[in-house]
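There's a structure below that I have some questions on.
The values are calculated or read from the model by the stated rules, or taken from the named source; none is laboratory data. This one's a predicted model, so the numbers in the text were calculated from it and none came from an experiment. Positions of Cβ are backbone-derived with ideal geometry, glycine not excepted, and every protein chain shown enters the neighbour counts. Note: accessible area is taken over every heavy atom of the protein model, side chains too, but ligands, DNA and RNA are not part of it. Shrake-Rupley method; radii C 1.70, N 1.55, O 1.52, S 1.80 Å.
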Amino acid sequence: MSELNEFEQMLEESLKTIRTGEIVTGKVIDVKEDEIVLNIGYKSDGIIPRNEYTNEPGVDLTKVVNVGDELEAKVIKVNDGEGQVALSYKRLAADRGNKKLEEAFNNQEVLTAKVVQVLDGGLSVVVDEARVFIPASLVSDTYEKDLTKYANKEVEFVITEFNPRKRRIIGNRKQLMAARKAEMQKALFERIQVGDVVEGVVKNVTDFGAFIDLGGADGLLHISEMSWGRVENPKKVFKAGEKLTTLIKDINGEKIALSLKFPDQNPWADAASKYAVGNIVVGRVARMTDFGAFVELEPGVDALLHVSQISREHVEKPSDVLSIGQEIEAKIVDFNEADRKISLSVKALQIADSQAAREDDADVADVDVEAVAAQMEYETE
């Protein structure tokens with residue numbers, strides 16, 4: 001055997017042998033945008049292409065790996081067809097990630113990972129290159145139509161199903177949120193009571209009211225409790241995300257009734273003096289019926305102007321002479337504080353004005369007669 005052949009044999013014997021599936025450690029001797037070359041102490045170098053380094057598309061490997069770095073990788077093929085060893089960094093990471101996920105599944109550990117893909121049916125997250133699928137039904141404890149807001153965001157979840165052989169690893173964010181919400185709800189109900197003033201955030205607005213997030217539970221602000229006055233459309237008054245200070249009106253089990261009718265703002269508190277019988281008031285026509293018109297004197301205080309009291313002249317229907325939003329002046333003819341009822345009369349005001357006018361005419365006539373007599377007496381002299 002020649003010295004050259006002996007040297008080659010000794011060199012081969014000094015180099016380790018490797019097998020497919022084996023984990024090897026090597027030093028980076030070259031990095032390109034889409035490929036890493038490793039010296040793994042074998043007769044051939046190891047190659048890690050970009051798609052075997054990470055699942056993220058378009059990554060520039062020169063930005064994440066440097067010459068001289070040590071990397072572990074998994075052998076895919078001892079000979080890739082070009083005399084080099086095909087390696088995978090992401091498969092090794094995925095194996096370790098699966099082990100981490102299995103431990104998290106057994107221990108019900110809370111994990112945090114980045115959403116790498118938003119799918120029609122849910123979210124895909126990656127834990128050490130191991131993929132976890134979070135179905136849309138398990139993303140939140142409430143229905144979410146648009147999941148795109150989670151793209152590239154980190155989310156917390158627990159593993160509720162682990163079967164890597166079938167590539168079925170299921171993450172559950174809903175369970176985590178529900179558990180935390182239950183804790184917050186318990187703390188909230190231990191803290192609040194009827195009569196408390198609380199702050200919340202408008203969560204949803206409907207035709208009949210608004211749901212306010214109080215931090216652990218939602219309270220209902222019914223349309224009838226939104227103002228001392230009349231609210232026709234809650235959606236024109238409140239918007240989702242708006243902060244709101246409300247009064248707890250009632251607590252029934254897990255149901256919380258809220259109100260914006262604060263007692264110190266009750267317009268009926270001093271109504272007896274402001275709307276005493278005989279007082280002249282100005283109001284706005286709020287609504288009409290066949291028997292009369294309801295006039296808003298201030299938010300929360302309405303008075304009835306009966307059709308018979310609209311004018312001294314006969315009025316068939318209020319809408320014949322009045323319009324919604326019209327401002328009118330009238331006289332208080334009845335005040336019932338117990339039932340919170342006030343009656344108005346424009347007719348009484350017109351009669352009073354007519355009488356006053358006749359009295360003024362009489363006074364003027366008397367003055368004129370006296371003036372004429374005085375003038376005649378002066379001329380006689």
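For the range 253-278, how many residues meet the condition of being open to solvent by 50 Å² or more (accessible area, probe 1.4 Å) and either of a type outside the set (Gly, Ala, Ser) or in contact with a helix residue (DSSP H, G or I) (Cβ under 7 Å, 6 or more places away or on another chain) (or both)?
Of the residues in that region, 9 qualify.
Residues being in contact (Cβ under 8 Å) with a residue 24 or more places away in the chain and either exposed (fewer than 13 other Cβ atoms within 10 Å of the Cβ) or touching a helix residue (DSSP H, G or I) at 6+ places or on another chain (Cβ under 8 Å) (or both): count how many of those fall in the range 141-158.
Within the range 141-158, residues that are in contact (Cβ under 8 Å) with a residue 24 or more places away in the chain and either exposed (fewer than 13 other Cβ atoms within 10 Å of the Cβ) or touching a helix residue (DSSP H, G or I) at 6+ places or on another chain (Cβ under 8 Å) (or both) number 10.
Here is a further query. Of (1) open to solvent by 40 Å² or more (accessible area, probe 1.4 Å); (2) touching a residue at least 12 places away in the same chain (Cβ under 8 Å); (3) polar (S, T, N, Q); (4) outside any strand (DSSP E or B), residue 112 satisfies all except one. Which?
With respect to (1) open to solvent by 40 Å² or more (accessible area, probe 1.4 Å); (2) touching a residue at least 12 places away in the same chain (Cβ under 8 Å); (3) polar (S, T, N, Q); (4) outside any strand (DSSP E or B), residue 112 is out only on (4).
So which pairs qualify, if the first residue must be in the range 159-174 and within 13 Å of residue 126 (Cα to Cα), the second must be open to solvent by 50 Å² or more (accessible area, probe 1.4 Å) and of a type in the set (Asp, Glu), the Cβ gap must be under 6 Å, and the two must be at least 6 apart or on different chains?
From the range 159-174, the pairs are 170/161.
Mind listing whichever residues of the range 137-164 are on the phi < 0 side of the Ramachandran plot and in a loop (DSSP other than H, G, I, E, B)?
Matches in the range 137-164: 139, 140, 141, 142, 143, 144, 145, 146, 147, 151, 153.
Also: Can you tell which of 339, 250, 290, 334 is open to solvent by 50 Å² or more (accessible area, probe 1.4 Å), within 30 Å of residue 213 (Cβ to Cβ) and at pLDDT 90 or above?
Only one candidate qualifies: 250.
Does the range 171-194 include one or more residues that are acidic (Asp, Glu), within 25 Å of residue 287 (Cα to Cα) and open to solvent by 30 Å² or more (accessible area, probe 1.4 Å)?
no
Could you grab me the full set of residues in the range 43-82 that are of a type in the set (A, V, I, L, M, F, W, C) and either touching a Leu at 6+ places or on another chain (Cβ under 7 Å) or open to solvent by 40 Å² or more (accessible area, probe 1.4 Å) (or both)?
Listed by number, the residues that qualify are 47, 48, 64, 67, 71, 73, 75, 76, 78.
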